[in-house]
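Comments concern the structure below.
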Amino acid sequence: MAFDWLETQLSERAEQGYLRQRKCQQYEKDNIICINDAHYLNFSSNDYLGMRHHEGVLQAWVEGLAQFGAGSGASPLVTGHTQAHLALETYLADALDREAVLLFNSGFSANQAICQALFAQGGDILADRLMHASFLDGASSSKAQLRRFKHNDIKHLASLFEKVKSQDCLVATEGVFSMDGDSAPVREIADITSTNKGWLMLDDAHGFGVLGEHGLGTAELHNLSQSDVPILMGTFGKAIGTGGAFIAGSQTLIDYLVNYARHYIYSTAMPPSQAVATLFSISHVVNNGDGRAKLHENIADFRDRFSALIGQASESDLYLADSHSAIQPVIVGTPEKALALSEALAQRGIWVPAIRYPTVPKGEDRLRITLSATHTSKDIEVLVDAIGLSLEEVVK
Ligand SMILES: *Cc1c(COP(=O)(O)O)cnc(C)c1O
């Protein structure tokens, strides 16, 4: 029978504890998420600054709708590229001190586009092994020779340069890693990459909006110029609270992508109203540091409380990853335990997802807690108390 392996694969996943099922959210606001008519305090959102519900963002979106209509009506090279898109691109290029910027409908498509447009003829990609699936899949389906270096390991990266045969070598890393929450040594990676005459690409999906004095991300934090990071990618679906993504770099790079990036050329442009709302959100984030300050306060508060809890616990094969970002993973080691803890927390009204293999390596199954500027210190206290109680229950 055609495709009868679909069911086999699903039951294999189920047996191993890795079957994924979606939960339908009825609504989420002020950190309360409603699922199956039950309410939970939410620690699973990438909306790090609460911009999804910011009144100015909503108002800008409505004004964009009135001016431009619901959708863009066409792909960008036909008539889908509007003043709203141009204004967002121009703002970003200026703020990030890049020559040019190109918008994409998602970070996933931006990463695929980079790999496929730049490596249609071959070349080399050296990528951190924990790079996001959208980049690794793009790289492995391109004509490039993909090699992965050990996570944040400069020595291993240096040794891989010796194997590069082509002239065109792209090194890829993330500002803040999406499952571990830790940061790459981007300055060192930029230096070694330029010494080896390669290009560095930085995926800053989780740094953009959150890091740097104005929230412009890892590039701002480490003062990385266009020549340090020739390809800078960021997304709008996380701290910016809308959706979509951008690539920033030289005018030549952007002109090339406009001509050769199939994900850009053959996809309906982002709704202009979304570009209007996104521009409002970014400029708000750039001009107001309060949300960022509160987020960093919450991160420190959580880490302090969690360390105090684990200091007392008998259970020691569980640990908090060394992360100073909004992403705070608690590594528990097995998919069953991750799920059981997530469920025990849900019983207590706390929503924390279990992240399992294959999203993370085997044996690193975890709870992935994400914090937001909109959490109060009471919320964090409640979370850590609930983790303590759930641990006692699950371990017994
Ligand atoms: C979320 C994410 C993406 C994908 O971005 P979307 O806009 O959600 O498609 C790419 N890279 C990283 C590191 C991400 O966390």
(request) Could you work out how far helix 5-16 tilts from the main Cα principal axis of the chain, as a 0 to 90 degree angle to the nearest 10? (result) 40
(message) Using a Förster radius of 51 Å, what is the FRET efficiency between Ala120 and Glu55 based on their Cβ-Cβ separation? Nearest 0.05, please.
(response) 0.70
(message) On C-alpha positions alone, give me the angle between the axis of helix 335-347 and the longest principal axis of the chain, in degrees, nearest 10.
(response) 70
(request) Using every pair of alpha-carbon atoms in the range 217-354, split the distances into 5 Å bins beginning at 0 and state the percent of pairs per bin, rounded to integers. (result) 2, 7, 11, 14, 16, 12, 11, 12, 8, 4, 2, 0
(message) What distance in nm lies between label points placed 7 Å from Cα along the C-beta direction at Ala14 and Asn288?
(response) 4.7
(message) Run the simple label-point estimate for Asp191 and Glu162 please: 7 Å along Cα→C-beta, distance reported in nm.
(response) 2.1
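Can you check what the Kirkwood hydrodynamic radius comes to for the range 39-126, Cα pairs only, in Å to one decimal? Walk me through the numbers on the way to the answer.
Numbers: mean 1/r = 0.0611 Å⁻¹.
Roughly 16.4 Å, rounded to one decimal.
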(request) Please state, to two decimals, what the Cα-based radius of gyration of the range 54-287 comes to when divided by 2.2 N^0.38 Å (N = residues). (result) 0.98
(message) For a quick check, take a GNM of the chain with Cα springs below 10 Å and name the residue from Ala38, Ala93, Ala321 with the largest mean-square fluctuation.
(response) Ala38
(request) Please give the length that would be gained between Asp255 and Thr334 if that part of the chain were fully extended, namely 0.36 nm times their separation in residues minus their C-alpha to C-alpha distance (nm, one decimal). (result) 23.8 nm
(message) I want to verify a result. In a Gaussian network model of the chain, Cα cutoff 10 Å, which of these has the top mean-square fluctuation: His132, His53, His85?
(response) His53
(message) Give me the one-decimal Kirkwood hydrodynamic radius in Å for the chain, with the sum taken over alpha-carbon pairs.
(response) 22.1
(request) Please identify, among Thr278, Thr193, Thr376, the residue showing maximal mean-square fluctuation in a Gaussian network model of the chain using a 10 angstrom Cα cutoff. (result) Thr376
(message) Report, in listed order, any pair from Lys238/Lys294; Lys238/Lys337; Lys29/Lys337 with a Cα-Cα distance greater than 20 Å.
(response) Lys238/Lys337; Lys29/Lys337
(request) Could you pull out every residue, at least 5 positions away or on a different chain, whose amide H is within less than 5 Å of the one on Gln25? Hs are placed 1.01 Å off N in the peptide plane, and Pro or chain starts have none. (result) none
(request) Indicate the gyration tensor shape class of the range 318-396 (rounded, prolate or oblate), computed on the Cα atoms with a ≥ b ≥ c the square roots of the eigenvalues: a/c under 1.5 is rounded; otherwise a/b larger than b/c is prolate and the rest oblate. (result) oblate
(message) Translational diffusion coefficient of the range 210-265 at 4 °C, 1.567 mPa s, Stokes-Einstein with Kirkwood Rh over Cα pairs, in µm²/s as a whole number.
(response) 104
(message) What lysines does Lys165 reach when the alpha-carbon gap must be under 28 Å and sequence neighbours fewer than 8 apart in one chain are set aside?
(response) Lys143, Lys150, Lys155, Lys197
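The numbers here are math on the coordinates, done by the rules we state, and not lab data. Keep in mind the model is a prediction, meaning the values are calculated, not measured. Methodologically, a virtual Cβ is constructed for each residue, glycine included, from the backbone with ideal geometry; neighbour enumeration extends over all protein chains shown.
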